[in-house]
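Colleague: Let me give you the structure first, and then I'll get to my questions.
The values are calculated or read from the model by the stated rules, or taken from the named source; none is laboratory data. Quick caveat, the model's predicted, so the values are computed rather than measured. Note: ideal-geometry Cβ built from the backbone for every residue, glycine included; neighbour counts use all protein chains shown. Accessible surface areas use protein heavy atoms only, side chains included; no ligands, DNA or RNA. Shrake-Rupley method; radii C 1.70, N 1.55, O 1.52, S 1.80 Å.
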Amino acid sequence: MAQYDYDLFVIGAGSGGVRASRISARHGARVAICEDFRVGGTCVIRGCVPKKLLTYAAHFHEDFEDAAGFGWTIGETAHDWKALISNKNTEIDRLNAIYIRLLKDAGVELIEGRGSLVDDHTVKVGDATYTAGTILIATGGWPEMPDIPGIEHALTSNEALELDSLPRRVVIVGGGFIAVEFAGIFNGLGSDVTLAIRRDLPLRGFDEDIRAGLAEELTKKGITIAPNTTITSIEKTADGFSLMTDSEEIIECDAVMYATGRMPNTKGLGLEEVGVHVNKKGAIAVDEYSRTTVENIYAVGDVTDRIALTPVALAEGHAFADTVFGKKPRAVDHSNVASAVFSHPPISSVGLTEAQAREQYEAVDTYVSRFKPMKHTLSGRDERSLMKLVVDRATDRVVGCHMLGADAPEIVQGLAIALKAGATKADFDATIGIHPTAAEEFVTMREKQPDPTTPGSIEPAE
């Protein structure tokens, strides 16, 4: 008779949890997974997928405008927000059903409800308890909002995807990727958008040239950026909402959305009671194999606060299953993980920023290309792309690739392979480009930027 009900019990049916459960079952494990909302997690249900569908929708108004330069006559256009949200929901329902089918076909038992730990081998879901030899925590992250007067009036990205109508004036508080993506969505669909950020530029942690370039492009599109601004209170008014800033200025709007960060979703899981260590942010501490401080309890994905990206959670979940049930121990390499921000225009990056490279290497060379995309020579749109390579001078190895402009994520995905393989600047130079494309700029940049230590050159931004 089996010692436990299951070999593996997974708490959280998002990308990482579903992948881990399916692969573990494929290795022969008896697996159950619990979920208190919908199978698919943040990415499928309330993150990457619905957000990008809305991003596609928001681009059409520029496409209609640009068509005139290519000889097209476009009649009067109008957008139906309710139709967009309805169609988006239909697609999410389809994906949710696919994820449920994947679990069923893999032989994984799906249990509805929020799980919590009773002890190191027991999980409680509702009034029932289940035992397992191994437990995996994959509960993801959740939006965090500050404790200020009136914060109950604010939306997060969760609610922004379900609004009944498009707000005429919206203030988005935050400067991270979620904030700038929703700024592009609302702006593209016709809202008057203000982006309130605590620093001078959005996207802290990205390369400074990219940050500055994006801020310029967002401003061109009519998005108001309020730098060095903190909202201190929110009041409901007859016409909408009134926001007070730390400089005692008032911003009026019809909706306010907070995108000031996400926290690991660990509250109420009973982790500390059974000895699982969490840090000050609530993130679960794990080793390279995703094992926590309790030998048979593991954690993957955003709940560990390593790299909060869906493909990373998938990789961690797969590696966990192979390690624990496939008897093929392997750790995920978290270096040179490419990322994208589906802003308007999008950006994408892999490797080190210039500032990070200068901290890590004795000498660094940078190459930058700024240009108007070929499409806009006829559209007339004032939009510019930016590409940047960061190179370790001693080895000639390319250690960072960054791009702002149309198709940046599609282009940088390929460059991520080159960086993972250790490509040098000479390798880039020896590669013949595809003409005419924007991507060829990455293999035709030859002129180094002035070294910041050279007299008369521009000091790097802080």
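Colleague: Applying the selection to the stretch 271-281, what residues are in contact with a Leu (Cβ under 9 Å, 6 or more places away or on another chain) and part of a loop (DSSP other than H, G, I, E, B)? Show your work before the answer.
Modeller: Keep residues of the stretch 271-281 that are in contact with a Leu (Cβ under 9 Å, 6 or more places away or on another chain), which gives 271, 273-274, 276-278.
271, 276, 277 - these are the residues of the stretch 271-281 that are in contact with a Leu (Cβ under 9 Å, 6 or more places away or on another chain) and part of a loop (DSSP other than H, G, I, E, B).
Colleague: Against the conditions (1) touching a helix residue (DSSP H, G or I) at 6+ places or on another chain (Cβ under 6 Å); (2) surrounded by 17 or more Cβ atoms within 10 Å (Cβ to Cβ), where does residue 433 fall short? Just the number, please.
Modeller: Result: residue 433 fails condition (2) only.
Colleague: Which ones in the stretch 193-242 are in contact (Cβ under 8 Å) with a residue 60 or more places away in the chain, part of a strand (DSSP E or B) and either out of contact with any helix residue (DSSP H, G or I) (no Cβ under 7 Å at 6 or more places or on another chain) or among the charged types (D, E, K, R) (or both)?
Modeller: Within the stretch 193-242, 231, 232, 233, 235, 236 qualify.
Colleague: Do you know which residues across the stretch 348-389 are of a type in the set (A, V, I, L, M) and surrounded by 14 or more Cβ atoms within 10 Å (Cβ to Cβ)?
Modeller: 350, 352, 355, 357, 364, 368, 386, 387, 389
Colleague: So, restricting to helices (runs of 4 or more DSSP H) that lie completely within the stretch 1-88, which ones have at least 1 residues that are modelled with pLDDT of 95 or more and either among the aromatic types (Phe, Trp, Tyr) or within 29 Å of the chain's Cα centre (by Cα) (or both)? Don't jump to the end; show me each part of the working.
Modeller: Working: elements: 15-26, 41-46, 48-67.
Fully inside the stretch 1-88 and qualifying: 15-26, 48-67.
Colleague: Another question about this same structure. Can you confirm whether the stretch 162-179 contains a residue that is buried (at least 19 other Cβ atoms within 10 Å of the Cβ), without any contact (Cβ under 8 Å) to a residue 40 or more places away in the chain and in contact with a strand residue (DSSP E or B) (Cβ under 9 Å, 6 or more places away or on another chain)?
Modeller: To start, the set of residues in the stretch 162-179 that are buried (at least 19 other Cβ atoms within 10 Å of the Cβ) comprises 166-167, 170-175, 177-179.
Okay, now just the ones that are also without any contact (Cβ under 8 Å) to a residue 40 or more places away in the chain, so 175.
This time we only want the ones that are in contact with a strand residue (DSSP E or B) (Cβ under 9 Å, 6 or more places away or on another chain), so: 175.
Checked against the condition, which is being buried (at least 19 other Cβ atoms within 10 Å of the Cβ), without any contact (Cβ under 8 Å) to a residue 40 or more places away in the chain and in contact with a strand residue (DSSP E or B) (Cβ under 9 Å, 6 or more places away or on another chain), the stretch 162-179 yields at least one hit.
Colleague: For a quick check of your reading of the model, give me the residue pairs whose first member lies in the stretch 365-376 and is closer than 19 Å to residue 425 by Cα, whose second is in a loop (DSSP other than H, G, I, E, B) and open to solvent by 20 Å² or more (accessible area, probe 1.4 Å), with beta-carbon atoms closer than 6 Å and at least 6 apart or on different chains.
Modeller: Sorted first by the residue in the stretch 365-376, then by its partner, the pairs are 365/393; 365/448; 366/449; 368/449; 370/384.
Colleague: Right, here's the next one. How many residues does the stretch 320-365 contain that are at negative phi and under 23 Å from the mean Cα position of the chain (by Cα)?
Modeller: 26
Colleague: Follow-up question, since we're still on this one. Look through 155, 166, 103 and report the one residue that is at pLDDT 95 or above, within 29 Å of residue 198 (Cα to Cα) and either of a type in the set (Ser, Thr, Tyr) or touching a Ser or Thr at 6+ places or on another chain (Cβ under 7 Å) (or both). Spell out how you get there, then give the answer.
Modeller: On the way: 155 fails: either of a type in the set (Ser, Thr, Tyr) or touching a Ser or Thr at 6+ places or on another chain (Cβ under 7 Å) (or both); 103 fails: within 29 Å of residue 198 (Cα to Cα).
Just one listed residue meets the conditions, 166.
Colleague: Restricting to the stretch 334-345, count the residues that are within 30 Å of residue 186 (Cβ to Cβ) and open to solvent by 20 Å² or more (accessible area, probe 1.4 Å). Talk me through it step by step, then tell me what you get.
Modeller: First, the residues of the stretch 334-345 that are within 30 Å of residue 186 (Cβ to Cβ): 337-345.
Of the ones still in play, those that are also open to solvent by 20 Å² or more (accessible area, probe 1.4 Å) are 337-340, 342.
So the answer is 5.
Colleague: Take residue 91 and tell me if it is within 25 Å of residue 313 (Cα to Cα), assigned to a helix (DSSP H, G or I), out of contact with any Gly (no Cβ under 7 Å at 6 or more places or on another chain) and in contact (Cβ under 8 Å) with a residue 40 or more places away in the chain.
Modeller: Details: within 25 Å of residue 313 (Cα to Cα): yes; assigned to a helix (DSSP H, G or I): yes; out of contact with any Gly (no Cβ under 7 Å at 6 or more places or on another chain): yes; in contact (Cβ under 8 Å) with a residue 40 or more places away in the chain: yes.
The answer is yes for residue 91.
Colleague: Does the stretch 250-259 contain at least one residue that is buried (at least 22 other Cβ atoms within 10 Å of the Cβ), hydroxyl-bearing (Ser, Thr, Tyr) and in contact (Cβ under 8 Å) with a residue 24 or more places away in the chain?
Modeller: Keep residues of the stretch 250-259 that are buried (at least 22 other Cβ atoms within 10 Å of the Cβ), which gives 253, 255-259.
Subset that is hydroxyl-bearing (Ser, Thr, Tyr): 258.
From the residues that got through so far, the ones that are in contact (Cβ under 8 Å) with a residue 24 or more places away in the chain too are 258.
Yes, the stretch 250-259 has at least one match.
Colleague: Residue by residue through the stretch 234-262, note down the ones that are of a type in the set (S, T, N, Q) and closer than 19 Å to residue 192 by Cα.
Modeller: From the stretch 234-262, those of a type in the set (S, T, N, Q) are 237, 242, 245, 247, 260; that's our starting set.
Once the filter is applied, which keeps residues that are of a type in the set (S, T, N, Q) and closer than 19 Å to residue 192 by Cα, the stretch 234-262 yields 237, 242, 245.
Colleague: Related question: Among the residues of the stretch 275-292, count how many are closer than 19 Å to residue 324 by Cβ and open to solvent by less than 30 Å² (accessible area, probe 1.4 Å).
Modeller: Within the stretch 275-292, residues that are closer than 19 Å to residue 324 by Cβ and open to solvent by less than 30 Å² (accessible area, probe 1.4 Å) number 4.
Colleague: Only one of 164, 209, 127 is more than 18 Å from the chain's Cα centre (by Cα) and over 26 Å from residue 222 (Cα atoms); which? Write out each step before concluding.
Modeller: Working: 164 fails: over 26 Å from residue 222 (Cα atoms); 209 fails: over 26 Å from residue 222 (Cα atoms).
Unique residue meeting the criteria: 127.
Colleague: Out of all the residues in the stretch 45-59, which are open to solvent by 40 Å² or more (accessible area, probe 1.4 Å) and either touching a residue at least 60 places away in the same chain (Cβ under 8 Å) or of a type in the set (Val, Ile, Thr) (or both)? Don't jump to the end; show me each part of the working.
Modeller: First pass over the stretch 45-59, keeping only residues open to solvent by 40 Å² or more (accessible area, probe 1.4 Å): 46, 48-49, 52-53, 56, 59.
Listed by number, the residues that qualify are 46, 48, 49, 52, 59.
Colleague: I want to confirm something. Restricting to the stretch 400-410 and keeping residues that are buried (at least 24 other Cβ atoms within 10 Å of the Cβ) and of a type outside the set (Gly, Ala, Ser), which single residue is farthest from the chain's Cα centre (by Cα)?
Modeller: The residue in question is 401.
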